[in-house]
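First up is the structure itself, then whatever we jot down about it.
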Amino acid sequence: MESTLGAGIAMAEALQNQLPWLENVWLWVTFLGDPKSLFLFYFPAAYYASRRVGIAVLWISLITEWLNLVFKWFLFGDRPFWWVHESGYYSQAPAQVHQFPSSCETGPGSPSGHCMITGAALWPIMTAVSSQLATRTHSPWVRVIPSLAYCTFLLAVGLSRIFLLAHFPHQVLAGLITGAVLGWLMTPRVPMERELSFYGLTSLALLLGASLIYWTLFTLGLDLSWSISLASKWCERPEWVHVDSRPFASLSRDSGAALGLGIALHSPCYAQPSSIPQQLTSGGDRVATQWRQVSLNSIEPGRDQDHVSLIPRFFPRGLWATTWHSAAELQSHRINMVDLPAEPILLNGVERDIKASEELKADTF
């Protein structure tokens with residue numbers, strides 16, 4: 001195993017030193033492959049294109065992210081940026097590698113969450129685009145473009161994680177395979193028409209299930225905070241150790257997203273768009289954009305590390321952690337409660353503008 005991990009460090013060293021001009025590319029790719037981007041960008045974009053695909057992206061994201069958290073608790077897995085120091089590898093064969101702000105994640109490393117979660121969540125988008133192309137063209141080369149784009153993007157995400165010293169190659173490979181399998185299995189089984197209680201129970205089950213597993217392992221003598229200690233110890237700069245990279249941050253996001261999805265799907269604005277007041281729909285596109293901008297700006301409770309790092313000094317450690325995760329969950333509720341109810345408002349406003357434009361053209365001619 002040591003030789004495998006050493007080979008991973010050598011690969012990261014080659015990526016950093018042989019292709020230094022690709023540094024910004026890898027940073028952008030790892031940002032686009034971040035599971036948080038699924039909730040912020042991919043889900044709203046997919047939902048605006050297709051309601052079914054959008055809900056599938058969100059549902060698969062939150063379930064897969066929960067599974068990734070549990071897998072990491074059981075599989076452990078060191079991260080390269082701390083393993084090179086803890087194992088003594090750096091003292092025996094000094095590697096010319098360095099860290100980045102995105103390197104210092106605090107959870108265990110196996111499997112890669114970027115590869116697993118993003119790979120699973122993008123599967124319904126890939127299959128939907130492939131299906132559309134299959135009905136519009138008879139060229140087999142055009143039909144495989146979505147699959148090639150899917151594989152190319154995930155390969156780039158995996159390489160970016162190795163470049164950043166966030167994962168070893170075998171962790172990336174495990175994430176890619178697991179994500180593709182979960183995406184293939186879950187896409188046809190996404191719940192589309194369920195009662196609000198289903199989403200509430202799902203949110204509760206995610207919270208209680210992960211908590212039960214955590215405390216069971218803790219009772220058996222396993223220290224699940226070991227990775228947080230190592231990340232804090234070996235990260236080059238303390239401000240790079242982000243609060244939102246801790247394991248329970250993703251749990252808060254998943255639980256909040258599940259409940260927020262249910263509330264949004266059963267909201268009056270979503271269920272009866274025709275009942276929205278005329279004054280509101282006339283500026284629907286502007287209102288929806290402003291609402292979503294507020295949510296996107298505040299979805300990251302710990303995005304301003306320079307200010308957030310000061311807060312724990314004035315709060316007891318347990319109270320600060322509870323407050324932060326509660327805020328993250330409430331904001332996950334809000335992003336779905338904003339995106340989905342805003343959809344009919346947005347579409348009604350755009351539809352009215354198009355109709356008015358057509359009438360104006362008819363009058364002109």
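The values are calculated or read from the model by the stated rules, or taken from the named source; none is laboratory data. Not measured: the values here are computed from a predicted model. Because the Cβ atoms are built from the backbone with ideal geometry, glycine has one as well, and the counts that use them run over all protein chains shown. Side chains are part of the model used for accessible areas, which takes the heavy atoms of the whole protein and leaves out ligands, DNA and RNA. Shrake-Rupley method; radii C 1.70, N 1.55, O 1.52, S 1.80 Å.
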Can you tell me which residue is nearest to residue 105 (Cα to Cα) among those in segment 133-183 that are among the small types (Gly, Ala, Ser) and free of Cβ contacts under 8 Å to residues at least 60 places away in the same chain?
158
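Anything in segment 54-82 that is aromatic (Phe, Trp, Tyr) and either within 20 Å of residue 182 (Cα to Cα) or open to solvent by 10 Å² or more (accessible area, probe 1.4 Å) (or both)? List them, or say none. Working first, answer last.
Step one: list which residues in segment 54-82 are aromatic (Phe, Trp, Tyr), which gives 59, 66, 71, 73-74, 76, 81-82.
Listed by number, the residues that qualify are 59, 66, 71, 73, 74, 76.
Test residue 124 against the criterion of being more than 21 Å from residue 27 (Cα to Cα), of a type outside the set (Lys, Arg) and free of Cβ contacts under 8 Å to residues at least 12 places away in the same chain, and give yes or no.
Working: more than 21 Å from residue 27 (Cα to Cα): yes; of a type outside the set (Lys, Arg): yes; free of Cβ contacts under 8 Å to residues at least 12 places away in the same chain: no.
Taking the combined requirement at face value, the residue does not satisfy it.
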Just checking, how many residues over segment 184-196 are open to solvent by 50 Å² or more (accessible area, probe 1.4 Å), in a helix (DSSP H, G or I) and touching a residue at least 24 places away in the same chain (Cβ under 8 Å)?
2
Report every pair of residues separated by at least 6 positions or lying on different chains whose Cβ atoms are under 8 Å apart, first residue within segment 10-27 and of a type in the set (S, T, N, Q), second buried (at least 16 other Cβ atoms within 10 Å of the Cβ).
16/97; 16/163
Within segment 85-183, helices (runs of 4 or more DSSP H) holding 3 or more residues that are out of contact with any Gly (no Cβ under 7 Å at 6 or more places or on another chain) and open to solvent by less than 50 Å² (accessible area, probe 1.4 Å):
123-136, 145-163
Check 211, 203 and return the single one that is free of Cβ contacts under 8 Å to residues at least 24 places away in the same chain, part of a helix (DSSP H, G or I) and surrounded by 12 or more Cβ atoms within 10 Å (Cβ to Cβ).
211
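Got a sec? Which of 82, 73 is farther than 20 Å from residue 151 by Cα and out of contact with any helix residue (DSSP H, G or I) (no Cβ under 6 Å at 6 or more places or on another chain)?
Numbers: 82 fails: out of contact with any helix residue (DSSP H, G or I) (no Cβ under 6 Å at 6 or more places or on another chain).
Answer to the selection: 73.
Select from segment 54-84 the residues that are outside any helix (DSSP H, G or I) and not basic (Lys, Arg) and list them in ascending order. Spell out the reasoning first.
The first filter runs over segment 54-84 and keeps only residues outside any helix (DSSP H, G or I), leaving 76-79.
Within segment 54-84, 76, 77, 78 meet the criteria.
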Would you mind stating whether residue 34 is under 18 Å from residue 171 (Cβ atoms) and either open to solvent by 50 Å² or more (accessible area, probe 1.4 Å) or among the basic types (Lys, Arg) (or both)?
no
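Test residue 157 against the stated conditions and say whether it is at pLDDT 95 or above and either closer than 26 Å to residue 73 by Cβ or out of contact with any strand residue (DSSP E or B) (no Cβ under 6 Å at 6 or more places or on another chain) (or both). Even if it seems obvious, please write down each step before you answer.
Details: at pLDDT 95 or above: yes; either closer than 26 Å to residue 73 by Cβ or out of contact with any strand residue (DSSP E or B) (no Cβ under 6 Å at 6 or more places or on another chain) (or both): yes.
Taking the combined requirement at face value, the residue satisfies it.
Select from segment 217-238 the residues that are within 16 Å of residue 76 (Cα to Cα) and assigned to a helix (DSSP H, G or I) and list them in ascending order. Spell out how you get there, then give the answer.
First pass over segment 217-238, keeping only residues within 16 Å of residue 76 (Cα to Cα): 217-218, 220-231.
Within segment 217-238, 217, 218, 226, 227, 228, 229, 230, 231 qualify.
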